[in-house]
Amino acid sequence: MVGRVLGRWQLSGTTTFASGNPFTVMLGYDLNGDSVSGDRPFLIHPKVLGQSIDNARIDPTTGRQFGQANLPISAFGPSADVAASKQWPWYPGTGKVGSLGRNTFWTHGQNNWDFAILKNIRLYGERQHLQFRAEMFNLMNRVQFSMPAYLSVVDTGVAGWRLQPRFGEITSQYNSPRYMQMSLRYFF
């Protein structure tokens, strides 16, 4: 009887480890007038290079996300003084581009564990049995935030333009919270 209860359990699982995704900070408008979008800003403070930007938890002292502190808008040009004067840099026909490179920032990678346990219980003869199955997705309940949703330094969606107030803000996550389900199946 003890063997029927404690024995013959089957375990399975899936583990995913993946490196983070690179992303590029954009200027938000066509700097050199070549009609090609995707111009990058000027880098003012190189200390931000190599920062991992993936913590969407709120810092109670500032009211902003921790990830936004790693990627301050003040590290990029045009600066707040330029934004206040509305004298946005524009260099048509010169081929001049911002100094920030492509894919210079990274999110953290994935680390996800899914787990399942099942037991087949024989009933009357060989053909009939019950199967109990319990599955847990994101077993460790680790939050994995996505890339920031606002990566343009300049917000051109308002009259006169402005620096993006939500720059670097993360609005979603890659994975779901821990999810568990159990089932009981009858095979005949």
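Take the range 32-64 and flag every residue that is part of a loop (DSSP other than H, G, I, E, B), modelled with pLDDT of 90 or more and farther than 21 Å from A149 by Cβ.
I44, H45, P60, T61 - these are the residues of the range 32-64 that are part of a loop (DSSP other than H, G, I, E, B), modelled with pLDDT of 90 or more and farther than 21 Å from A149 by Cβ.
When you scan the range 100-119, how many residues do you find that are touching a Ser or Thr at 6+ places or on another chain (Cβ under 6 Å) and more than 30 Å from L27 (Cα to Cα)?
4
Which residues, counting only those in the range 165-185, are more than 30 Å from P78 (Cβ to Cβ) and more than 16 Å from the chain's Cα centre (by Cα)? Break it down stepwise before answering.
The first filter runs over the range 165-185 and keeps only residues more than 30 Å from P78 (Cβ to Cβ), leaving 173-185.
Passing the criteria: R178, Y179, M180, Q181, M182, S183, L184, R185.
More than 25 Å from T62 (Cα to Cα) and either modelled with pLDDT of 90 or more or among the aromatic types (F, W, Y) (or both): is that true of N175 in this structure?
Working: more than 25 Å from T62 (Cα to Cα): yes; either modelled with pLDDT of 90 or more or among the aromatic types (F, W, Y) (or both): no.
Criteria not met by N175.
Hey, could you check the range 1-18 for residues that are out of contact with any strand residue (DSSP E or B) (no Cβ under 8 Å at 6 or more places or on another chain) and part of a loop (DSSP other than H, G, I, E, B) and say which is farthest from A83 (Cα to Cα)? Step through it out loud before you land on a result.
Residues of the range 1-18 that are out of contact with any strand residue (DSSP E or B) (no Cβ under 8 Å at 6 or more places or on another chain), as a first pass: 1-3, 5-7.
Still in the list and also part of a loop (DSSP other than H, G, I, E, B): 1, 7.
On the way: M1: 77, G7: 70 Å.
Applying the filter and picking the extreme gives M1.
I need the full set of residues from the range 69-83 which are at pLDDT 90 or above and in a helix (DSSP H, G or I), in order please.
I73, S74, A75
How many of the residues in the range 80-97 are more than 19 Å from N32 (Cβ to Cβ) and polar (S, T, N, Q)?
1
Under the condition of being surrounded by 16 or more Cβ atoms within 10 Å (Cβ to Cβ) and among the hydrophobic types (A, V, I, L, M, F, W, C), which residue from the range 120-139 is farthest from the chain's Cα centre (by Cα)?
M136
Taking the range 146-164 as the search range and keeping residues that are under 11 Å from the mean Cα position of the chain (by Cα) and not hydroxyl-bearing (S, T, Y), which one is farthest from F23 (Cα to Cα)?
Restricting to residues being under 11 Å from the mean Cα position of the chain (by Cα) and not hydroxyl-bearing (S, T, Y), the top hit is A149.
Taking the condition of being touching a residue at least 60 places away in the same chain (Cβ under 8 Å) and either of a type in the set (D, E, K, R) or under 18 Å from T107 (Cα atoms) (or both), how many residues in the range 73-89 meet it?
Residues that pass the stated criteria total 2.
For the range 84-119, give me each residue that is surrounded by 15 or more Cβ atoms within 10 Å (Cβ to Cβ), under 30 Å from S12 (Cβ atoms) and modelled with pLDDT of 90 or more.
N112, W113, D114, F115, A116, I117, L118, K119, listed by residue number.
Quick check on the range 49-68. Is at least one of its residues surrounded by 13 or more Cβ atoms within 10 Å (Cβ to Cβ), within 21 Å of P165 (Cα to Cα) and out of contact with any strand residue (DSSP E or B) (no Cβ under 9 Å at 6 or more places or on another chain)?
yes
The values are calculated or read from the model by the stated rules, or taken from the named source; none is laboratory data. Owing to the predicted nature of the structure, the values given are computational and were not obtained by experimental measurement. Cβ sites come from the backbone with ideal geometry, for glycine too, and all protein chains shown count toward neighbours.
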